[in-house]
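Every number in this text was worked out from the coordinates using simple rules, so none of it is lab data. Just so you know, these numbers come straight off a predicted model, no measurement behind them. Cβ: placed from backbone, ideal geometry, glycine included. Neighbour counts: every protein chain shown.
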Amino acid sequence: MQLRAASAALLSAGALVLGPALAAPAQASTIEPAGDGSCLTAGTSARGHSGRAADTRPISAAEQSRIARETSARLAARGLSRSAAATVGGTVPVYVHVMAGANGEGNVTASQISRQITVLNTDFAGGESTAAANTGFTFTLAGTDRFFNNTWHQDRQSTTYRAQTRKGGANALNIWIVDFADLGIATFPWDYASNPSIDGIRVDFASLPGGSATNFNRGKTATHEAGHWFGLYHTFQGGCTRVNDEVSDTAAQSSPTSGCPIGRDSCSLPGLDPIRNYMDYSFDTCYRMFTAGQSARMSQMFAAYRG
Ligand SMILES: [Zn+2]
């Protein structure tokens, strides 16, 4: 049996990672067999870990301002006010690309893919909390293809494989299911025009519902990455600043959350940290919601860049 993420995950001390540095490194890992025949680094998975790239390209405060101006200009060019654009919603076709290994590792089942689509629909409909927003976006599986290629499976030559396999237009969510030390990676909507062939999200196969990623196997990685794909920043973007993630109803937080620390309050600005928000780094079981402000921003971004 081939150990999944044998090199990268072990070298990064066993963390399944997705983001920038956290203060506390993960513990040394143990390897346990998982029920589905794969193996995983167990017990200490985290969305964030030192030494790994973030799950989106970094956006500086200056670029954040530039993007905000461009978004306003694009909406104006379409004759849409910000408030009118805040409720567009829509149906998003989803193309799933299973990048399995030559030996079949990571060849997730059709049932897992179906459950992943259900998770997206539940989460974007606000189905996990009475405080959650219904974003108005729904997802339909438009196609699944499967490749058995160790290079692609391990997310190498990703620019090439994405360009060769991506389907649909700007409004189509492409999900590549791979094996890497990260839980997920996403592109932003404002980058579509200049780089359409790589647009979409990549998630680790162990993060799908029923997968083997401890604390991260309920499909919420795809929800988080799709949030970026719709134009959301992390809730900790900008740290303890008022601009923060440009969403007024997600309280500022100084750094990513790990686990589910109820009552965490990392900034002196008003509000507790939004640890249950899909755009933090909490455990899958901790996640509950997008806010109304995030819902509005996603619709505005969709209208500006993906409509
Ligand atoms: Zn992220």
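In Å, the Kirkwood hydrodynamic radius of the range 89-178 over pairs of distinct alpha carbons?
Answer for the range 89-178: a Kirkwood hydrodynamic radius of 14.1 Å.
Can you check what the Kirkwood hydrodynamic radius comes to for the range 218-271, Cα pairs only, in Å to one decimal? Can you show the working numbers first?
Values: mean 1/r = 0.0835 Å⁻¹.
Here the Kirkwood hydrodynamic radius works out to 12.0 Å.
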The ³J(HN,Hα) series, computed from each phi in the range 247-254 with the Karplus coefficients 6.51, -1.76 and 1.60 at θ = phi - 60°, rounded to the nearest Hz and given as x for glycine or proline, is 10, 6, 9, 10, 4, 5, 9, 7
Report, by chain and number, residues whose modeled amide H sits under 5 Å from the one on Asn174, excluding near sequence neighbours (fewer than 5 apart, same chain). Tyr95, Ile201
So what is the relative contact order of the range 187-267, in percent, for Cα pairs below 8 Å that sit 6 or more residues apart? 20
List the relative contact order of the range 155-295 as a percent without decimals, with contacts defined as Cα pairs under 8 Å and 6+ residues apart. 17
Paramagnetic label zone (point 7 Å from Cα along Cα-to-C-beta, Ala163; backbone N under 17 Å) in the range 184-207: 192-200
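Convex hull over the Cα atoms of the range 198-289, averaged projected area in nm²?
Directional mean of the projected Cα hull area for the range 198-289 stands at 6.0 nm².
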Quick one: 3J(HN,Hα) in Hz for the range 63-77, Karplus 6.51/-1.76/1.60 with θ = phi - 60°, rounded, Gly and Pro as x. 5, 4, 5, 4, 5, 4, 5, 5, 4, 4, 5, 5, 5, 4, 5
